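Colleague: Attaching a single structure in structure tokens format; questions to follow.
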Amino acid sequence: MIDSWERGDYSISTDRSRLNIDLIHDFLSHTSYWASGRSREVVERSIEHSLSFGIYKNSEQVGFARVVTDYATFAWIADVFVLPEHRGRGLSKWLMEVMLVHPRLQGFRRWVLSTKDAHGVYEPFGFIKLHRPDRWMERPDPNMKESPDYWK
């Protein structure tokens, strides 16, 4: 099922065939702090196994996010970006609104995300610091090819 939303010259769509994988890979691998060095193959696989949202100005992709979910209890928002020249137009907030009301993403016990510098974008949508961080653990892969800033 493909969904789309319109706002002026911009649209958001879940149509994977519209995604500009070159643009997404380039931004994540070369511009983002969280996915530096991510391979194109990993980007493609992550999109294949997520519900992805592209932001477009006319037919040009200008933003992206994906939701990793079991469609029952849990959702993780990942890889959110808007290209610098399109920031300041409320696109990231609109994207959050769209993801949080998407019909396939309802009734979850928990939504999570990770951010270094965009807390102000997510807090108005009810995101808070981990309620019980002492209950969360993570396992970094020692063979990871990426070099996100939080493992340094």
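The values are calculated or read from the model by the stated rules, or taken from the named source; none is laboratory data. Just so it is clear, the model here is predicted, and its values are computed rather than measured. Don't worry about glycine lacking a Cβ; one is built from the backbone with ideal geometry, like all the others, and counts go over all protein chains shown. All accessible areas refer to the heavy atoms of the entire protein, side chains included, with ligands and DNA or RNA removed. Shrake-Rupley method; radii C 1.70, N 1.55, O 1.52, S 1.80 Å.
Colleague: Can you find a residue that is over 25 Å from Glu146 (Cα atoms) and β-branched (Val, Ile, Thr) anywhere in the stretch 7-17?
Modeller: Here is the first cut: in the stretch 7-17, the ones over 25 Å from Glu146 (Cα atoms) are 7-15, 17.
Checking which are β-branched (Val, Ile, Thr) leaves us with 12, 14.
Scanning the stretch 7-17, I find at least one residue that is over 25 Å from Glu146 (Cα atoms) and β-branched (Val, Ile, Thr), so the answer is yes.
Colleague: Tell me which residues, restricted to the stretch 133-150, are of a type in the set (A, V, I, L, M, F, W, C) and modelled with pLDDT of 85 or more.
Modeller: Listed by number, the residues that qualify are Trp136, Met137.
Colleague: Considering each of Phe53, Phe27 in turn, give the residue that is under 25 Å from Leu130 (Cβ atoms) and buried (at least 18 other Cβ atoms within 10 Å of the Cβ).
Modeller: Answer to the selection: Phe53.
Colleague: Okay, moving on. Restricted to the stretch 61-77, and to residues that are in a strand (DSSP E or B) and without any contact (Cβ under 8 Å) to a residue 24 or more places away in the chain, which residue is least open to solvent (accessible area, probe 1.4 Å)? So that I can check it myself, show each step before the final result.
Modeller: Taking the stretch 61-77 and keeping what is in a strand (DSSP E or B), we get 61-69, 74-77.
Keeping just the survivors that are without any contact (Cβ under 8 Å) to a residue 24 or more places away in the chain gives 66, 68.
Working: Arg66: 20, Val68: 44 Å².
Looking at residues that are in a strand (DSSP E or B) and without any contact (Cβ under 8 Å) to a residue 24 or more places away in the chain, I get Arg66.
Colleague: Can you work out which of the residues in the stretch 83-130 that are of a type in the set (Asp, Glu) and over 14 Å from the mean Cα position of the chain (by Cα) is surrounded by the most Cβ atoms within 10 Å (Cβ to Cβ)?
Modeller: Out of the qualifying residues, it is Glu123.
Colleague: Follow-up question, since we're still on this one. Report yes if Val80 is of a type in the set (A, V, I, L, M), modelled with pLDDT of 95 or more and open to solvent by 10 Å² or more (accessible area, probe 1.4 Å), otherwise no.
Modeller: Against the criterion (of a type in the set (A, V, I, L, M), modelled with pLDDT of 95 or more and open to solvent by 10 Å² or more (accessible area, probe 1.4 Å)), Val80 qualifies.
Colleague: List pairs: first in the stretch 1-28 and within 20 Å of Ser46 (Cβ to Cβ) and part of a strand (DSSP E or B), second open to solvent by 20 Å² or more (accessible area, probe 1.4 Å) and among the small types (Gly, Ala, Ser), Cβ under 9 Å, 6+ apart or cross-chain?
Modeller: Ile12/Ser4; Ser13/Ser4
Colleague: Conditions: (1) under 19 Å from Trp94 (Cβ atoms); (2) open to solvent by 40 Å² or more (accessible area, probe 1.4 Å). Trp34 meets all but one. Number of the miss?
Modeller: The one condition Trp34 does not meet is (1).
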